[in-house]
Amino acid sequence: MRIAYVGQLSPGSNALARAEALRRVGHDVVAIDTTRMFPQGRWPERIYWRTGYRGISKVIGARLIAALREARVESLDLVWISHGPEIDRSVLDYCRSEGVPSIAYNVDDPFGNRDGRRWATFLRACNAYDAMIVVREPTVADAVDHGVQRVLRVFRGFDEVVHAPRILPPDVTARYQARVSFIGSWEMGRGEFIERLLQRGVPISVWGNRWQRAPEWSAISKAWRGPGVYGRDYSDAIQCAEIAIGLLSAANRDLHTQRSLEIPALGTVLCAQRTEDHSILFDDGKEGLFWTDADECADLCLGLLADDERRRRIARAGQERVRAMYTRHEAIADAVVRFAVGDAKDIVVGAFDPVTGLIRSEAP
């Protein structure tokens, strides 16, 4: 199919990786990067988050419609919008007037309250999408309540290229080598968690932004190795760890994250919070390690660090698990396109089975 793939396609982003996955499975993809359509930078971004792209969304909409015309919109089979906080209703109405279906693929939580007004433009426009793809169960009901007619829940995924292990140069190994790591930004509660791991003697290294804001900074600063890492650097940092911690964002209603799939895909042991999603995805103790609090996490890490053979066995089993499931970008892309164009009557909205596929196949 010929697909216009629209979004903030920064280098190293999962949004861009999904566009490449669509190409690998055989689609003709026209990538349209909306970051070229409005001012970028720290201060503009703060304004967008606080206003929900109010005002600037009209400018973006006009420029995006012009870009779709330039891409010969009449020849498109689908407009795939990644996240879309900056996309207003005019774009979706234009797609519909041209007979081209539009979908929103959103791994964030636009209906939650973590991000303030960031999603205001999206929420005003969301019922104009022909379909929406989400990654958490509550978001299915939220989308329907906002008038979205077709909603599909999928798991987040890992990329077959970006998150593939590689032979690392010595300087990369030296830069990122860690027994236990966490890669992610600071949020409330995370500093206390890291501090407790350190108190228990867990040799944890942290990469990420905003950690200096943590009330526990004086106690955890020794574990901080640098700001956030992205793209290949992010994958290398995970691969260089023996165990990687998976922390969730309660404010984002997370029950799993991208790291839940990326960490085992890279051959590192996932040690994450015990949730319903993680219980579906992995066999606890065999394909990953799961905990309910910092002390249980510390016990698991310290025990595994003392048993290299078991650690290698769990890492190998976790990697085999995610490779076997339909939690790869290419598999997700295929299922989403089939759902978007109404070509998959076996898809049950909101239902999924990670063993046999992204969605549960049942009689219509």
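Choose one of GLN212, VAL202, HIS163: the residue whose Cα lies farthest towards the positive end of the charge dipole of the chain (beta-carbon charges +1 Lys, Arg; -1 Asp, Glu; about the Cα centre). Of GLN212, VAL202, HIS163, it is GLN212. Segment ARG69..TRP49, full-extension length gain: 4.3 nm, with 0.36 nm per residue of separation and the alpha-carbon distance subtracted.
Spin-label model, GLN40 to ARG114: label points 7 Å out along the Cα-to-beta-carbon direction sit 2.3 nm apart. Normalising the Debye intensity of the chain to I(0), with uniform scatterers on Cα atoms only, and taking log10 at q = 0.08, 0.10, 0.14, 0.15 Å⁻¹ returns -0.41, -0.64, -1.23, -1.37.
Exposure here means at most 16 other Cβ atoms within 10 Å; with GluC sites (Glu not before Pro) in a DSSP loop as sites, the longest stretch of the chain lacking them is 99-361.
Using a 1.4 Å probe on the protein chains only, how many percent of the accessible area of the range 9-82 belongs to carbon and sulfur?
On the way: 2070 of 3860 Å².
So the carbon and sulfur contribution to the accessible surface is 54 percent.
The trypsin sites (Lys or Arg not before Pro) found in the range 135-200 that occupy coil by DSSP, while having at most 13 further C-beta atoms within 10 Å, are ARG166. Label-to-label distance, ASP295 versus ARG323, with points set 7 angstrom from Cα along the beta-carbon direction: 3.9 nm.
Over the chain, average the accessible area per residue using a 1.4 Å probe and give it in Å², no decimals.
On the way: 15370 Å² over 364 residues.
Result: 42 Å² of accessible area for each residue.
Of all the options ALA131, ALA71, ALA335, the one that moves most in a Gaussian network model of the chain with Cα springs shorter than 10 angstrom is ALA71. Using R0 = 25 Å, the C-beta based FRET efficiency linking ARG310 and LEU168 works out to 0.60. Dipole size of the chain about its Cα centre, with +1 on Lys/Arg Cβ and -1 on Asp/Glu Cβ: approximately 940 debye, rounded to the nearest 20.
In the context of the full protein assembly, CYS126 retains an accessible surface of approximately 0 Å², using a probe radius of 1.4 Å and ignoring ligands and nucleic acids. Between the helical axis of 14-24 and the longest alpha-carbon principal axis of the chain there is an angle of about 70 degrees.
Here the range 49-130 is described by how far its Cα atoms reach on the three principal axes: 39, 23, 16 Å, from widest to narrowest. Can you grab the distance from the C-alpha centre of the range 198-255 to the C-alpha centre of the range 54-95, Å, no decimals? Each part's Cα centre sits 36 Å from the other's.
Comparing PRO215, PRO85, PRO165 in a Gaussian network model of the chain, where Cα atoms under 10 Å apart are tied by springs, the biggest mean-square fluctuation is seen for PRO215.
Where does helix 56-70 land angle-wise versus the long Cα axis of the chain, in degrees 0 to 90, nearest 10? The angle comes out near 70 degrees. Rg over Rh for the range 25-178 works out to 1.03, both radii taken from alpha-carbon positions and Rh defined as the Kirkwood radius. Between 0 and 90 degrees, the angle of helix 308-324 with respect to the longest Cα principal axis of the chain falls at about 10 degrees. In the range 1-109, how does Rg compare with the Kirkwood Rh, expressed as the Rg/Rh ratio over alpha carbon atoms? Taking Rg over the Kirkwood Rh, I get 0.95.
The values are calculated or read from the model by the stated rules, or taken from the named source; none is laboratory data. Please read all numbers here as calculations on a predicted model, not as lab measurements. Virtual Cβ from ideal backbone geometry, glycine too; neighbours counted across all protein chains shown. With ligands, DNA and RNA removed, areas are computed over all heavy atoms of the protein, side chains included. Shrake-Rupley method; radii C 1.70, N 1.55, O 1.52, S 1.80 Å.
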